[in-house]
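Have a look at the structure below before the remarks.
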Amino acid sequence: MAGSMPLHLPGRPVSSGTGFLLAVVFTAVAIAARWIVDPWLGDQSALITLPAAVAAAAWVGGWPAAVLAAIVGYVACAYLFIGPSGGFGFYGIAGLFPMAAYAVSCVVIISLAEALRGLAARHERALLDRKRAGATRALLASIVATSDDAIVSKTLDGVIQSWNAGAERLFGYTAAEAIGQPITLIIPQERRQEELSILERLRRGERVDPFETVRVAKDGRRVDVSLTISPVRDDEGKVVGASKIARDISDRKHAEQALRDADRRKNEFLATLAHELRNPLAPIRNSLEIIKRADGDRDLLRQGRDAIERQVGHMVRLVDDLLDVSRITRDQLELRRTRVELASVVHQAVETCRPLAERENQTIGLRLPGEPVYLDADPVRLAQVFSNLLDNACKYTPPGGSIWLTAEALGDDVVVSVKDSGIGISPEELGSIFDMFARVDTTLERSRGGMGIGLTLVKRLVEMHGGTIEAHSEGAGLGSEFFVRLPVRTAEPAAREEPVAAADIEPGPARRRVLVVDDNVDSADSLATLMRLSGHETRIAYDGEEALAAAEEFRPEAILLDIGLPKLHGFGVCRRVRATPWGEDIVMVALTGWGQDEDRQRSKEAGFDRHIVKPVDYQALTELLGSLLAEKEGRTASN
């Protein structure tokens, strides 16, 4: 059994101190052994046990310990066993031979021990290197096996030799299905020439740095990948194959494409916005020229006035939609919910879109449930939903076409359908119809299709009401249909209160004093003129400091104040007016182009009674001023 065990050869000696100590111990054992056999040997073979001690010392302590053992052993044996006992004796000239033989044997023993030690050291290093190489191979194999990337090796003829789990996940083929097959198994037909070029470069020993391409999976799915291909060499340095790492970059490619699409839609939106803004400006300018040249002709004046009113209304709706989308994207749009009857909202939306339908000779069919349907909704925003859908239907339906709006109660929901006989929606457009800036059929012939924000706004408003919206179309030229599903409020409607008529600012027993402040001269002058035409006394200021001076001198009952003023902004003007004894009860209304929620909050904190976004409807403005003035006068009288 012992012969079958591997021989352990120490690769390095013990420390020098330990080696010398062991050398002394081995020497002592050898001398003791010689002492035991001395009765039989006498003066003969006095050094016979020392070579074993030298060999043992050389084996464990190296040559220094062996030399020490040889010298100490010789001295001790010479003293004890050579010549007269108890002294150092020699055999004369003849005794030199044993001494020389002993010295030579010690040299041979020490040399053999050192040679064996070197062999042992090389053997240990070889074992260590093999162990490290094995660990490295195991680590590499583990990395290859667990890598998310596809790692494949192939011959220079393009035959697959290895196929890791990442390749199985990416391309769908198992290792058994792929190994032995040509690499063209995963290369699209139109990219086969690409593989020929890669193999040619590999044969020249070139590495193919990462490049992006397309591969095809087992199920036919095309996969965007980044490839790195390196030549594999044999022990003589000859290229015998290649290793390939394929990384799936589909998500990145999709994200890049989404960014490109978003950028394209943004550019289209900006171009469309410019178009939509220029369109109403042309008839406004023409109408102004008509008014200048009308020379008192009432029909021409009415024509110009009506055209300007229509186009300004269009621009106001355009800006309102933009502001609504901005609020929605920042989750700052709030609904003012109340109990509302569906029919009233639908009729309001239909009346809003009827002029457009009549101009295009289109018919709008309407079918509503026989019983009232009540919703918990914001009536203004809900009417905006249906009017936007009807407006789209009119825009995308040729002259003489038809639009149908149908509502049907289904359990706890009501489904409102807006259908048209228009240009329809292609399958590829249908999936993105509600995306921001998405537009159907953007050819110049259909350039009136809007900015691509209306349906985004509609979808978010419907969702904010707890509903859903879907779009359907059989394809281009076959019309489209939108389904809005909303939850119904089942409780009985509360008794309706008659609206209280707002007090008017129109002329009464005394004229109102109104200060108009705006750095836009045309805006200030035109609003002041309207106020004078309504019978009120007006003053105008064009900056903040001028407004303070005019207010102190004029002591107005109401101030219509812009925010973005030179010298002193509107917030500062309002605070300083409110700080005066005569300014506490002045009605102050902010008239501004800034309409975000934070702007309204700042106006409230500065002391404004109301915040109105330009352009303002004059009739609504007069009603608001009348209400605010009557309210303040009532408080003053009660005090």
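The values are calculated or read from the model by the stated rules, or taken from the named source; none is laboratory data. Predicted model, so just to flag it, every value in this text is computed and none were measured. Cβ: placed from backbone, ideal geometry, glycine included. Neighbour counts: every protein chain shown.
General remarks:
- Residue check, LEU273 out of contact with any His (no Cβ under 6 Å at 6 or more places or on another chain), surrounded by 14 or more Cβ atoms within 10 Å (Cβ to Cβ) and modelled with pLDDT under 75: yes
- Residue match in segment 413-431 (condition: under 24 Å from LEU478 (Cα atoms), free of Cβ contacts under 8 Å to residues at least 24 places away in the same chain and assigned to a loop (DSSP other than H, G, I, E, B)): yes
- Qualifying residues in segment 314-335 (those that are modelled with pLDDT of 75 or more and in a helix (DSSP H, G or I)) - the one nearest to LEU288 (Cα to Cα): MET315
- Selected residue (criterion: surrounded by the fewest Cβ atoms within 10 Å (Cβ to Cβ)) from residues of segment 579-598 that are in a helix (DSSP H, G or I) and either modelled with pLDDT of 85 or more or polar (S, T, N, Q) (or both): PRO581
- Failed criterion for GLN601 (all others in (1) under 44 Å from the mean Cα position of the chain (by Cα); (2) free of Cβ contacts under 8 Å to residues at least 40 places away in the same chain; (3) surrounded by 17 or more Cβ atoms within 10 Å (Cβ to Cβ) hold): (3)
- Scanning segment 206-216 turns up no residue that is surrounded by 11 or more Cβ atoms within 10 Å (Cβ to Cβ), more than 36 Å from the chain's Cα centre (by Cα) and within 17 Å of VAL159 (Cα to Cα).
- Residue in segment 350-366 that is in a helix (DSSP H, G or I), surrounded by fewer than 20 Cβ atoms within 10 Å (Cβ to Cβ), among the hydrophobic types (A, V, I, L, M, F, W, C) and in the same structural domain as GLY467 (by TED's automatic domain parsing) present: yes
- When segment 521-545 is filtered for residues that are surrounded by 17 or more Cβ atoms within 10 Å (Cβ to Cβ) and over 50 Å from the mean Cα position of the chain (by Cα), the ones remaining, listed by number, are ALA528, MET531, SER534, HIS536, THR538, ARG539, ILE540.
- Checking LEU368, LEU389, LEU375 one by one, the residue that is farther than 28 Å from TYR618 by Cα, touching a strand residue (DSSP E or B) at 6+ places or on another chain (Cβ under 6 Å) and free of Cβ contacts under 8 Å to residues at least 40 places away in the same chain is LEU368 and no other.
- In segment 360-386, the residues that are of a type in the set (Phe, Trp, Tyr) and within 21 Å of ILE403 (Cα to Cα): PHE386
- Unmet criterion (only one of (1) modelled with pLDDT of 90 or more; (2) farther than 18 Å from ARG485 by Cβ; (3) crowded, with 19+ Cβ neighbours inside 10 Å) for ALA407: (2)
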